Amino acid sequence: MNNLYYIISFFIFGLMFGSFFNVVGLRLSTNQSIIYPPSSCPKCGRRLSAWELIPVISYIILLGKCHGCKQPISWRYPLFELLTGFLFAASYIVFGMTLDLIIALTFISGLIIIIISDINSMTIPDEILIVTSLLIIIELLIGKGYQKAFIAIGNGLLSFILMFGIKFFGDALFKRESLGGGDIKLMFLIGLVLHFWLSIFVIVLGAFMALPIAILILIIKRTNIISFGPFLSLASIIIYLLKINLVTIINYFIKY
Ligand SMILES: [Zn+2]
């Protein structure tokens, strides 16, 4: 019972943070201030009152339409609120009340803001990468000592260099920009938490997930440009929360 209480608390906690991440992701990607002005309808500019800002519930009460102008509210708002709620609850279930939970919540929060921002404007704000990486390095230093923190930073750098290499060959192969600078910097954060070998697995899984979406976008929108950041982020979250490590991967391939 006690455990269920915590799971629900982390879910609600996640809903509220998700609502904040929506604001941060959208405003940072369009170079607006996070704190000012207060939330308003992007269509009619009307300021939102407190009851219109309750995660998910407001969207349902409003039937997905602005109370003032009746224009539809993006489904991305409740989607990312729910996603954050589920991922916060899942992090608690996986890690329990440990230091790893704090690192998990920091990592997942950063990645959700990156996904929102990248979908909105195809950019990954440096601010988010820097703040998230620094927080995790501090958490590692305090909780696991400087040796583990330095190893983690090394893994981040190796992952960064690997992605830089992939971009270099990709650009030469496709004769155009294959990966954005944001994707390369994002690999530092992913390598920092997941370590180098798993970050290779993240790139492979991310590419697998991106492929069907890329084909769909090519057919519908007739463009072959999609952002890779959300797929790298989702792949990292899956590998991280399933606690997949090198041993599980090697065992899997030995079995088949
Ligand atoms: Zn409106």
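The values are calculated or read from the model by the stated rules, or taken from the named source; none is laboratory data. What you see is a predicted model, and the numbers here were worked out from it, not measured in a lab. No Cβ is skipped: glycine too gets one built from the backbone with ideal geometry, and neighbour counts run over all protein chains shown.
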Given (1) within 16 Å of the chain's Cα centre (by Cα); (2) modelled with pLDDT under 95; (3) closer than 17 Å to Phe11 by Cα, index of the condition Ala89 fails: (2)
Count of residues meeting criterion [charged (D, E, K, R) and in contact with a Lys or Arg (Cβ under 6 Å, 6 or more places away or on another chain)] in the range 142-194: 0
Report, by residue number, each residue of the range 34-60 that is in contact with a helix residue (DSSP H, G or I) (Cβ under 7 Å, 6 or more places away or on another chain) and either away from the ligand (no atom under 16 Å from the Cβ) or among the polar types (S, T, N, Q) (or both). Ile34, Ser39, Pro55, Val56, Ser58
Which condition from (1) within 16 Å of the ligand (Cβ to nearest atom); (2) surrounded by 14 or more Cβ atoms within 10 Å (Cβ to Cβ); (3) aliphatic (A, V, I, L, M); (4) over 29 Å from Leu179 (Cα atoms) is the one that Leu63 breaks? (2)
Residues satisfying the stated conditions in the range 142-185, i.e. among the hydroxyl-bearing types (Ser, Thr, Tyr) and under 18 Å from Phe231 (Cβ atoms): Ser159, Ser178
Out of all the residues in the range 144-158, which are polar (S, T, N, Q) and crowded, with 17+ Cβ neighbours inside 10 Å? Asn155
Qualifying residue in the range 88-101 (condition: among the hydroxyl-bearing types (Ser, Thr, Tyr) and farther than 30 Å from Leu140 by Cα): no
Residue pairs within 6 Å by beta carbon, gap of at least six or interchain, first lying in the range 149-172 and at pLDDT 95 or above, second outside any helix (DSSP H, G or I), listed first then second, are Asn155/His195
Among the listed residues Ile190, Ile213, Ile200, identify the single one that is within 19 Å of the chain's Cα centre (by Cα) and either under 20 Å from Gly25 (Cα atoms) or small (Gly, Ala, Ser) (or both). Ile190
What number of residues within the range 69-128 are within 16 Å of the ligand (Cβ to nearest atom) and among the polar types (S, T, N, Q)? 2
If I filter the range 129-143 for residues that are crowded, with 17+ Cβ neighbours inside 10 Å, part of a helix (DSSP H, G or I) and at pLDDT below 95, do I get at least one hit? no
So Leu99 clears everything in (1) surrounded by fewer than 17 Cβ atoms within 10 Å (Cβ to Cβ); (2) closer than 19 Å to Tyr5 by Cβ except one condition, right? Which one? (2)
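Residue-wise test of (1) within 23 Å of Thr123 (Cα to Cα); (2) of a type in the set (A, V, I, L, M, F, W, C); (3) in contact (Cβ under 8 Å) with a residue 60 or more places away in the chain; (4) not in a helix (DSSP H, G or I).
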position	(1), (2), (3), (4)
Ser74	yes, no, no, yes
Gly85	no, no, yes, no
Phe88	no, yes, yes, no
Ser91	no, no, yes, no
Val94	no, yes, yes, no
Ile103	no, yes, yes, no
